[in-house]
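The values are calculated or read from the model by the stated rules, or taken from the named source; none is laboratory data. The model shown is predicted, which means the values in this text are computed figures rather than measured ones. Cβ: placed from backbone, ideal geometry, glycine included. Neighbour counts: every protein chain shown. For accessibility, only protein heavy atoms count, side chains too; no ligands or nucleic acids. Shrake-Rupley method; radii C 1.70, N 1.55, O 1.52, S 1.80 Å.
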Amino acid sequence: MRSLIDILDLTVEELDALTDKALDIIDHPAAYASACQGKKLATLFFEPSTRTRLSFEAAMYELGGHVIGFSEAASSSAAKGESVADTAKIVSCYADIIAMRHPRDGAALVAAQNASIPVINAGDGGHCHPTQTLADLLTIRREMGRFDHLTIGLCGDLKYGRTVHSLIHAMSRYEGTRFVLISPAELRVPDYVHDVLEGQRIPYVETANLESALPELDILYMTRIQRERFPDLAEYERLKDSYVLTAEKMDLCKREMAVLHPLPRVNEISVAVDADPRAAYFRQALNGKYMRMALILKLLAEADGPAPQPEAGLITGKYICRNPRCISAVEQELPQTFRQAEGGVYRCLWCDTAAE
Ligand code: NCD
């Protein structure tokens, strides 16, 4: 049985196969209309969502399956204090596959370790969002025709933007990828993402200046400043208008490039940009549905296979995670577990924060 918690759970070959499958679904929707007949997807959304939840639900309906679930923590037993582990065990009795979004980093991994059905991480706190990356990948393939030799600018909240972390991990595996990381100093990518870039010798630059980066980009990935993750709202107020992509700034970009955004947009892309043919973000949202269809098919097909082996070399009880947003800070009796990562550093198994 497989789950999708981190985009690196899938090999490059598997990502290619998923995009091929999604393209086939686009061309032959009728061939898939009863592929999941009699199967149930549970959507467990402890945090707000429009695209991710509705595209999962639409995906399952278009495969002929059924959907159960909840769209806010207040209507689940989490409001009574139920743990993520218990919720995952219970939902395994009622559904065939779970898509879960949770405000805590690492919550999806806890669910996967306790469920007896595949779990898909639909966003865990400020950590990862692998199915948004699937949508991003299909968009890059359809807009640019390739995954290699692309210069990718990521702009906005690179610290708390979970979609950014997953996309960097995924694109780091393609030849010739270069990143331009555009953010205020306070919102740079976390160190576990830096470590991947350094460890794999991926060329990247960090800058605060959007305009000067624009002319060299093949992809511009704009993001929202993640208000809900800031410990200090005054800091959010100070940083919230850091970047706005306007039609004038689009004049600085290549003619052949694509602007992506996981959405929702607040004000970081002006509405006038929507009419530009390079604005791919609404097409990207549609691509997300097809990739989620391909993913559901894959994980259900592999649901009877062997459970993945637990990671070797884990250390429990030596370090304590200092990330206050980590699931290990609240989940009942969840062991403080660390693994050895890039550069010999020990990182929390649940949220990737380095041990001190
Ligand atoms: C993103 C998310 O939830 O992380 N939205 C999405 O799933 N498309 C991005 C965001 O909320 O800014």
Residue among Val193, Val164, Val266 with the largest mean-square fluctuation in a Gaussian network model of the chain, springs linking Cα atoms under 10 Å: Val266
Hey, any idea what % of the chain's accessible area is carbon plus sulfur with a 1.4 Å probe? 50
Helix-only estimate, please: 222 nm mean residue ellipticity of the chain, summing -39500 (n - 2.57) across DSSP H runs of length 4 or more and dividing by its residues, to the nearest 500. -9500 deg cm²/dmol
Comparing Leu214, Leu314, Leu181 in a Gaussian network model of the chain (Cα, 10 Å), the one with the largest mean-square fluctuation is Leu314
Whole-number accessible area per residue in Å² for the stretch 130-285, which is evaluated in the context of all protein chains at 1.4 Å: 40
Using a Gaussian network model on the chain with a 10 Å cutoff between Cα atoms, which of Asn287, Asn209, Asn121 fluctuates the most? Asn209
If the reach is capped at under 27 angstrom between alpha carbons, list the lysines near Lys21, excluding any in the same chain fewer than eight residues apart. Lys39, Lys40, Lys289, Lys298
Any GluC sites (Glu not before Pro) in the stretch 208-295 that lie in a DSSP loop and have at most 14 other Cβ atoms within 10 Å would be Glu256
Can you list the lysines whose alpha carbon is less than 22 Å from that of Lys159, not counting same-chain residues fewer than 8 positions off? Lys240
